[in-house]
1. Since residue 193 meets every condition but one in (1) modelled with pLDDT of 95 or more; (2) closer than 17 Å to residue 245 by Cα; (3) in contact with a helix residue (DSSP H, G or I) (Cβ under 9 Å, 6 or more places away or on another chain), which condition does it not meet?
2. What do you reckon, is residue 254 in contact with a strand residue (DSSP E or B) (Cβ under 6 Å, 6 or more places away or on another chain) and either crowded, with 23+ Cβ neighbours inside 10 Å or free of Cβ contacts under 8 Å to residues at least 12 places away in the same chain (or both)?
3. State all residues of segment 259-292 that are surrounded by fewer than 18 Cβ atoms within 10 Å (Cβ to Cβ) and part of a strand (DSSP E or B); if no residue qualifies, say none.
4. If we scan segment 39-46, do we find a residue that is in the same structural domain as residue 113 (by TED's automatic domain parsing) and assigned to a loop (DSSP other than H, G, I, E, B)?
5. Just to be sure I understand, how many residues within segment 209-240 are buried (at least 17 other Cβ atoms within 10 Å of the Cβ) and farther than 17 Å from residue 282 by Cβ?
6. Going by what's in this entry, would residue 131 be described as touching a strand residue (DSSP E or B) at 6+ places or on another chain (Cβ under 8 Å) and surrounded by fewer than 21 Cβ atoms within 10 Å (Cβ to Cβ)?
7. So residue 31 passes all but one of these: (1) surrounded by fewer than 14 Cβ atoms within 10 Å (Cβ to Cβ); (2) at negative phi; (3) at pLDDT 95 or above; (4) outside any helix (DSSP H, G or I). Which condition number does it fail?
8. Residue 123: surrounded by 16 or more Cβ atoms within 10 Å (Cβ to Cβ), touching a residue at least 24 places away in the same chain (Cβ under 8 Å) and over 17 Å from residue 14 (Cα atoms), yes or no?
């Protein structure tokens, strides 16, 4: 198996910085990349804030935080990944964007480096086919928020070799995560079950069966869910929910995966959830207020 010492992370958003966070605390050197130096610095500031909360709550020590933050280094160019043993792509959930990233990365990484995608729904086999090393390509689907959630789905493409899979499992477990193997079918395990549930909750709202508050209250108290499905959709991002539903609908050709028209409308309006200030709830005041 390959030995992982340095991890490259492409994408300094919520998922990418969460992955950088747990890797750094686990003792890996981390190279963090995004479209601009400003985005990288913003991601590192967010990681510092998240680690500070962990210190305040007693989950990690101040020394661990200081050491971990020092391990995260900006990587402004793809050429900076030439020392990475593993590069994890954590960009937006768009297949064309991910393929462009891997094509741009190819000339700059060493021959033994492993590649991974944090995609939550897109075919690992298709992504791997655009690279020069499909046998060294794997899906590492971290859950959000990464520092809190314990699961990592491991997804092999059709060409992924056994040493790459074994290395990926050991790597994820070294971060304190539990792994679950998922076959390379649209949306894998978690989102194959979770996202259609959220889409069905949106249909329930769309058809007037219940209000936002009633639907979320019913699932929290009636099914013992920690968050209602509409609140959870806002937390994940409604654009991501729509993207995953489209992958399921196109990949499985089953009408039960048709995205709800109301979901499409919210995304078209730019009401993407918590990150945009509005989704099924309006987050611009002191407390979230349902928008329908």
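1. Unmet for residue 193, out of (1) modelled with pLDDT of 95 or more; (2) closer than 17 Å to residue 245 by Cα; (3) in contact with a helix residue (DSSP H, G or I) (Cβ under 9 Å, 6 or more places away or on another chain): (3).
2. no
3. Residues satisfying the conditions are 282, 289, 290.
4. Just the residues of segment 39-46 that are in the same structural domain as residue 113 (by TED's automatic domain parsing), to begin with: 39-46.
Then keep just the ones that are assigned to a loop (DSSP other than H, G, I, E, B); that gives none.
Looking for residues that are in the same structural domain as residue 113 (by TED's automatic domain parsing) and assigned to a loop (DSSP other than H, G, I, E, B), one finds none in segment 39-46, hence no.
5. Within segment 209-240, residues that are buried (at least 17 other Cβ atoms within 10 Å of the Cβ) and farther than 17 Å from residue 282 by Cβ number 6.
6. Spelling it out, residue 131 is indeed touching a strand residue (DSSP E or B) at 6+ places or on another chain (Cβ under 8 Å) and surrounded by fewer than 21 Cβ atoms within 10 Å (Cβ to Cβ).
7. Only one criterion is unmet by residue 31, namely (1).
8. Details: surrounded by 16 or more Cβ atoms within 10 Å (Cβ to Cβ): yes; touching a residue at least 24 places away in the same chain (Cβ under 8 Å): yes; over 17 Å from residue 14 (Cα atoms): yes.
Yes: the conditions hold for residue 123.
The values are calculated or read from the model by the stated rules, or taken from the named source; none is laboratory data. As the structure is a computational prediction, the values presented were derived from the model and not from experiment. Positions of Cβ are generated from backbone atoms using ideal geometry, with glycine treated the same way; all protein chains shown enter the neighbour counts.
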